1. Report whether or not VAL71 is more than 30 Å from GLN26 (Cα to Cα) and at pLDDT below 90.
2. Assess whether VAL132 counts as being surrounded by 14 or more Cβ atoms within 10 Å (Cβ to Cβ) and assigned to a strand (DSSP E or B).
3. Restricting the first residue to the stretch 1-13 and requiring it to be under 17 Å from ASP27 (Cβ atoms) and outside any helix (DSSP H, G or I), which pairs with a second residue that is at pLDDT 75 or above and of a type in the set (A, V, I, L, M, F, W, C) meet a Cβ separation below 9 Å and a spacing of at least six or different chains?
4. Any residue in the stretch 83-99 that is free of Cβ contacts under 8 Å to residues at least 60 places away in the same chain sitting within a Cβ distance under 8 Å of a residue that is small (Gly, Ala, Ser) and assigned to a loop (DSSP other than H, G, I, E, B)? List the pairs, counting only those 6 or more apart or interchain.
5. Could you list, in sequence order, all residues of the stretch 84-111 that are under 12 Å from LEU140 (Cα atoms) and touching a Phe, Trp or Tyr at 6+ places or on another chain (Cβ under 7 Å)?
6. Among (1) modelled with pLDDT under 50; (2) surrounded by 10 or more Cβ atoms within 10 Å (Cβ to Cβ), where does LYS8 come up short?
Amino acid sequence: MFTIAEVKELIEALDQSTLTELAIEQDNQILKLKKDQQVMLTETAAPIQVPEAATKSAPSTPVQQTAPEQVPVEADKATYDHVIKSPMVGTFYLMSSPDSDPFVSIGDTVKDNTTVCIIEAMKLFNEIEAEVDGEIIEILAKNGELVEYNQPLFGIKTQ
């Protein structure tokens with residue numbers, strides 16, 4: 001049986017990797033994890049033995065370097081008065097490459113034509129601009145994650 005600590009470790013490893021789903025079978029159980037945060041645990045008729053070391057090791061795929069995590073904390077809507085929303089479905093990037101600085105950070109002042117992020121859709125990298133003059137108050141999306149059409153990306157206090 002999987003322990004809570006093992007499941008948490010696997011979730012963190014999946015979250016940091018470029019994989020979108022992971023399935024591990026152990027002791028008549030299958031643990032399936034998907035990036036869309038669904039977790040399923042089911043019984044199997046014929047168990048497949050997996051060495052315990054394989055379930056605890058780090059993923060063999062390279063981990064993508066991301067910007068420091070900037071998670072929103074129940075924002076008070078009064079702190080910003082403009083929201084930049086995603087114009088398309090794609091992967092949200094705060095920086096142009098893993099070793100470069102983010103386009104913007106919380107507290108940065110932006111102009112209407114300032115590039116704030118990139119959204120990759122169908123192998124095309126689309127620069128997203130601030131749309132207004134103001135200050136970045138909150139970053140509402142995580143670097144490297146899929147964003148939906150019209151999903152809020154940034155909270156801006158306009159000038």
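The values are calculated or read from the model by the stated rules, or taken from the named source; none is laboratory data. Everything numeric in this text was worked out from a predicted model, so none of it was measured. When we count neighbours, we look across all protein chains shown, and the Cβ atoms used for this are built from the backbone with ideal geometry, even at glycine.
1. The answer is yes for VAL71.
2. When the stated conditions are applied, VAL132 does not pass them.
3. Partner pairs satisfying both residue conditions: PHE2/LEU10; PHE2/ILE24; PHE2/LEU31.
4. Pairs found: THR91/GLY144; TYR93/GLY144; LEU94/ALA67; MET95/ALA67.
5. ILE84, SER86, LEU94
6. (1)
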